[in-house]
Structures are given as structure tokens and as C-alpha cells.
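Contents: one structure, followed by commentary.
The values are calculated or read from the model by the stated rules, or taken from the named source; none is laboratory data. This one's a predicted model, so the numbers in the text were calculated from it and none came from an experiment. Note: ideal-geometry Cβ built from the backbone for every residue, glycine included; neighbour counts use all protein chains shown. The area values use the complete protein model at the heavy-atom level, side chains included, leaving out ligands, DNA and RNA. Shrake-Rupley method; radii C 1.70, N 1.55, O 1.52, S 1.80 Å.
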Amino acid sequence: MGKGPGLYTDIGKKARDLLYKDYQTDQKFTLTTYSPTGVAITSSGTKKGELFLADVNTQLKNKNITTDIKVDTNSNLIATVTVDEACPGVKTILSFRVPDQRSGKVELQYLHEYAGISTSVGLTANPIVNFSGVIGTNVVALGTDVSFDSKTGNFTKFNGGLSFSNADLLASLTVNDKGDTLSASYYHIVNPFTSTAVGAEATHSFSSNENTFTIGAQHALDPLTSVKARVNNLGKASALIQHEWRPKSFFTISGDVDTKAIEKSAKVGLALVLKP
């Protein structure tokens, strides 16, 4: 386990990654190349039905400063500048999107042995201010995540979370949507040598009185090949197999089927990530 409680976004992250990461029903291709000067250029293309989306991301690292510039097929330019360890334990992130003039934002992250804080402010006359903080240890942590719109004077987001972890188990409880949604997640490492793990997530909406429950598992067939599967109470079942055919290069096949409408065709997704 890492030292300290981490950031608020780390609460329940292990379970979310097991249950949702790398699952897709689209076709995606990603290629990363490096120039002689160390600039990384990543090109991505995704086919969603009849729609094709693409973007090109350029990343330059200079000491503790990382600059990312992304251009997509919708003519958006997204720039992000990250400064690591501007002060001990502090990370600074400046981002903006063109042509959206209200997208500018500066974010500060601070990690301590007993706390993790992230705060961001929009670079506008009436900014949205976001604050998230976690206190505790790498075993037990309590956190909150709030957003305040200075233009309307209203809180647009108010969430809270509690996490517990030890060497092979992580559990979390979060309250989202201003208290309307209650979620609990569980992640358990069954066998660390084969990366075998199980996870579950249960969500209850107080306004609609609806419950959603998802369970999943992962297992490494060999050091380069892993499989995952999940199913929820709505009858949606998914599975994937991922193979690292060379260092940092992955080929993933995933499928999704509605067990309550088995006559419908299963959805299949492909993803290829190539890095030198």
C-alpha cells in the first residue's frame, strides 16, 4: 500500500478499475511515437458505430514540468501544464480548452502522510471553485468533494466518502449527488501471484428508489495475458481478454451481452495500444 490516504479520487478506485476499466464496445487504435528530442506524440482513433473520432496528443517533459497539447476532430485544442513538486508534496496543474473561453482552470494537489488535498479554481470572472480533501492514513480515510459556483452562489456538487484498506482488501462507502446516491464498493486480492481479484459495487438512488449491483473478477492467465468479467443485476454481462504482446503495447478484445435479451447480437470491442 502507498503512504498516506491519497486523493479523494482514489477512494474506491481499485474496484472501479476492476469493474469498468478497459471494457468497451467500440474499435480503438492508439499509437505513441517519440522524437529524438524526447517529445511523445500519441495518435488515437475510435470508431463508434458510424462515427469516427480522432485526436493527437503531444507531450513534452522538461525536468519537473510536463506540457500536453491535444487536438481532436471537433477542432478543440486542449492544453495542460503540470508542475511536479513545485514545493514538497505539491503538484500544480494549469489547463484550458480552445475555443471555450471559460475552460481555463488552475489546480493544486498536496499529498501528506495523513492528508490529501486537491483544489481548483476556474480562470473566469465568476469561477467555479472545487475542493476535495481526505484525512486519515493508508488504512482508514475520510474525505469530501465539493464544488461552488460563485456566479449563482450555489453548491453544484457535494460528495463524501469513507475508505478502509489493508494488504489484500479495500472497501469504500460514498455519498454522491448531494446525498441522493449511496454507493459501496469492495475489492479483494485473492491471489497476488496470478493477479486474481474480485470486486463488487452496489448503488442506491434515494430519489428513484433504484438499486444497481455489479460484481466482477480478474485473473492473469500468464505474465502477459489477463482476463476480466463482470455482470450486473440488470442482466448485462461483459468479458475481456488483454495481451501485452510487447512492453507497454496491448491488444484487448471485449464483449458485452444482455442476458435478458439474448436474441440480440453481442457487442464486441477491440483496442490496440502501440508504444515503442
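Rounded to the nearest 500, what is the 222 nm mean residue ellipticity of the chain from helices alone, with -39500 (n - 2.57) per DSSP H run of 4+ residues and division by all residues?
Here the helix-only value at 222 nm equals -1000 deg cm²/dmol.
Cα gyration tensor of the stretch 96-136, axes a ≥ b ≥ c as square roots of the eigenvalues: rounded (a/c below 1.5), prolate (a/b > b/c) or oblate?
In terms of gyration-tensor shape, prolate.
Tell me, how many Å apart are the Cα centres for the stretch 5-24 and for the stretch 39-57?
Computed from Cα coordinates, the inter-centre distance equals 24 Å.
Rolling a 1.4 angstrom probe over the protein heavy atoms, how many square angstrom per residue are accessible across the stretch 63-218?
That works out to 58 Å² per residue.
Could you state the number of Å between the C-alpha centres of the stretch 81-157 and the stretch 212-247?
Spelled out, the Cα-based centre of one part sits 32 Å from the other.
Ranked from highest to lowest mean number of other Cβ atoms within 10 Å per residue, what is the order of the peptides 56-64, 211-219?
211-219, 56-64
Measuring from label point to label point, each 7 Å out along Cα→Cβ, what is the Tyr20 to Val39 span in nm?
The answer from the label model is 3.5 nm.
In Å and from the alpha-carbon atoms only, list the Rg and Dmax of the stretch 8-113.
16.6, 49
So what's the stretch 150-201 giving for Cα Rg divided by 2.2 N^0.38 Å, two decimals?
The stretch 150-201 yields a ratio of 1.62.
If I take every Cα pair under 8 Å that is 6 or more residues apart in the chain, average their sequence separation and divide by the length, what percent do I get for the relative contact order?
That works out to 16 percent.
Quick one: P(r) of the chain from all Cα-Cα pairs, 10 Å bins, percents rounded to integers, in order of increasing distance.
Going out from 0 Å in 10 Å bins, the chain shows 6, 20, 29, 35, 9, 1 percent.
Semi-axes of the stretch 129-176's equivalent ellipsoid from the Cα gyration tensor, sqrt of 5 times each eigenvalue, largest first, rounded to whole Å?
In descending order, the three semi-axes are 28, 10, 5 Å.
Could you look at the stretch 195-276 and say what percent of its accessible area is carbon and sulfur, using a 1.4 Å probe and all protein chains?
Looking at the stretch 195-276 in its full context, I get 63 percent from C and S.
Give me the Debye-computed log₁₀ of I(q)/I(0) at q = 0.10, 0.13 Å⁻¹ for the stretch 124-276, equal point scatterers on Cα only, no solvent, two decimals.
For the stretch 124-276 at q = 0.10, 0.13 Å⁻¹, log10 I(q)/I(0) is -0.56, -0.89.
Given the alpha-carbon gyration tensor of the stretch 60-111, what are the semi-axes of its equivalent ellipsoid in whole angstrom, ordered largest first, with each equal to the square root of 5 times an eigenvalue?
24, 13, 6
How big is D, in µm² s⁻¹, for the stretch 71-164 by Stokes-Einstein at 37 °C and 0.692 mPa s if Rh is the Kirkwood radius over C-alpha pairs?
221
Would you mind listing how long the stretch 19-72 runs along its three principal axes, going by Cα atoms, in whole Å with the largest first?
40, 26, 16
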